[in-house]
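Bear in mind these aren't lab numbers, they're just calculated from the coordinates by the rules spelled out. Only a predicted model underlies this, so the values are computations on that prediction, with no experimental measurement involved. Backbone-built Cβ (ideal geometry, glycine too); neighbour counts: all protein chains shown.
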Amino acid sequence: MTSTALPLLSQIVRHDAFERVSAEIDMRLATRLPGAGSIIPVFGPTRVGKSEIMRRLEKRAAPANSLIPMKNVIRAKMPPETSSKGIYAAILKELGREPGKSEDTNSVKARVFRGLEALNIDVVVLQEVNHIAELGSKLPSRAAADHLKALVDETGVTLILDGLPRFQRIIDQNEQLRDRATGTILFKPYDWQASDDREAFATAADAAIVSLEGSGFQVGLEFEDFVRRIYGASGGRVPMMMRILKMCALGIGKPREMGLSDLRRAASSMQQSCIPAASFFESRDPDEIDLMRSFAAIMSEAGLVFSVETLAGLGVEWGAQAG
């Protein structure tokens with residue numbers, strides 16, 4: 001099977017949380033003061049869909065003042081072990097230019113500022129900004145904050161900080177950076193404890209099944225059973241649900257019914273995760289604590305708090321404390 005034979009491979013399920021975060025970003029961009037730079041932090045665990053929101057933002061942006069096709073929203077990925085020069089070099093590459101090997105930080109910075117102005121760039125998305133806050137970073141927190149403030153103050157652009165929540169500590173520790181930032185937008189997985197979240201996740205799962213059926217695949221589980229199992233395996237993250245289904249369909253090859261064993265094989269081949277994804281496709285039905293434990297694991301890995309809302313949630317918390 002080729003990837004073009006399966007619409008699911010190129011389809012994004014724009015579910016409630018995705019649309020809510022996207023709309024919040026749009027609102028903050030629309031209500032900016034003209035010419036005044038700002039910072040919009042957008043944080044959440046891995047594989048919740050932050051990058052897709054940023055791609056959509058770039059795709060819908062106006063053209064830049066450039067002879068080559070370019071939008072006035074650019075996305076720069078922060079490298080691991082980020083340095084001062086690394087921040088500006090990543091942005092410079094997205095402006096279509098390369099930093100010299102022996103070029104110093106101030107020179108690269110000046111070229112970035114000139115390029116942003118010349119191309120009329122309006123928004124710069126710094127993806128994986130959490131690299132700046134990680135142990136391997138070559139950049140002290142205060143220096144990192146100073147660079148972000150300079151980008152905003154001297155160019156008037158809006159910075160969207162996209163990454164894991166651990167970057168929040170850099171904002172919290174710097175009053176001047178906080179003054180330039182809007183409230184943090186948290187993009188979290190769906191919480192099984194909340195009825196609205198369960199319903200939203202089930203709606204996304206239904207959309208995925210419809211897409212599969214359009215390519216001739218069938219899911220050989222009762223819908224409620226499927227939703228529970230795929231929720232546990234994904235930790236409430238829709239992109240991870242989609243990945244499991246894509247891998248399952250490609251592993252099967254010829255369209256047919258997907259069974260538990262097919263889904264288990266697909267989940268087993270996933271990348272390393274804090275969730276035992278394949279275990280949710282064993283013969284035993286996952287219980288409420290199993291499902292909430294998956295959500296809690298994703299939240300904990302991202303440095304976010306798991307809020308206890310139900311008796312089953314209390315069981316998860318007690319289990320974590322006992323461990």
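Model label points for Lys138 and Glu117, set 7 angstrom from Cα along the Cα-to-Cβ axis, are 2.8 nm apart. Extension gain for the segment Ser269 to Arg97, taken as residue separation times 0.36 nm less the Cα-Cα distance, is 58.1 nm to one decimal. Under 5 Å from the amide H of Lys71 lie the amide H atoms of Ala64, each residue being 5 or more positions distant or on a separate chain, with H modelled from the backbone and absent for Pro and chain starts. Residues whose amide H comes within less than 5 Å of that of Lys77, counting only those at least five positions distant or on another chain, are Gln127 (H built at 1.01 Å from N in the peptide plane).
What label, among [x] 1.51; [y] 1.00; [z] 1.09, belongs to Cα Rg over 2.2 N^0.38 Å computed from the structure on display? Derived directly from the coordinates: [z]. Amide H contacts of Val219 (H built 1.01 Å from N, in plane; Pro and chain starts excluded): Met258 sit under 5 Å, all sequence-distant by 5 or more or on other chains.
For the stretch 271-301, which GluC sites (Glu not before Pro) pass both filters: DSSP loop (anything but H, G, I, E, B) and at most 15 other C-beta atoms within 10 Å? If you can, show how the numbers build up before the last one.
On the way: sites: Glu282, Glu288, Glu301; in loops: Glu282.
Hits after loop and neighbour filter: Glu282.
Only one residue of Val42, Tyr231, Phe281 has its Cα farthest out toward the positive end of the dipole of the chain, where Lys and Arg carry +1 and Asp and Glu -1 on Cβ, and that residue is Val42.
Scan the chain and report its longest stretch carrying no trypsin sites (Lys or Arg not before Pro) that are both in a DSSP loop and have at most 15 other Cβ atoms within 10 Å. Answer - 139-255. Applying a length cut-off of 15 Å (Cα extent along the axis) and a mean Kyte-Doolittle floor of 0.0 to the DSSP H helices of the chain leaves 84-94, 195-214, 238-252, 288-301, 311-322.
Normalising by the residue count of the stretch 190-322, find the relative contact order in percent from Cα pairs under 8 Å and 6+ residues apart. Intermediate results must be reported in sequence, preceding the final value.
Details: 157 pairs, mean separation 35.2, N = 133.
Over the stretch 190-322, the number comes to 26 percent.
Figure legend: label point modelled 7 angstrom from the Cα of Asp179 along Cα→Cβ; residues of the stretch 112-147 with amide N under 17 Å from it are 142-143, 145-147.
Cross-link list Lys59/Lys246; Lys109/Lys188; Lys77/Lys188: which exceed 32 angstrom alpha carbon to alpha carbon?
Violating the 32 Å Cα-Cα cut-off are Lys109/Lys188.
With each label modelled as a point 7 angstrom along the Cα→C-beta vector, the Arg169-Thr105 pair spans 2.0 nm.
Panel note: the C-alpha atoms of the stretch 85-181, placed on their principal axes, show extents of 32, 27, 19 Å (largest first).
For the stretch 32-186, a crude dipole built from +1 on the beta carbon of Lys and Arg and -1 on the beta carbon of Asp and Glu, taken about the Cα centre, is about 380 debye to the nearest 20.
Nearest 500 deg cm²/dmol is fine: what mean residue ellipticity at 222 nm does the chain get from its DSSP H runs of n ≥ 4 alone, each adding -39,500 (n - 2.57), divided by its residue count? Mind dumping the intermediate values first?
Details: 13 runs with 159 residues, N = 323.
Computed ellipticity for the chain at 222 nm equals -15500 deg cm²/dmol.
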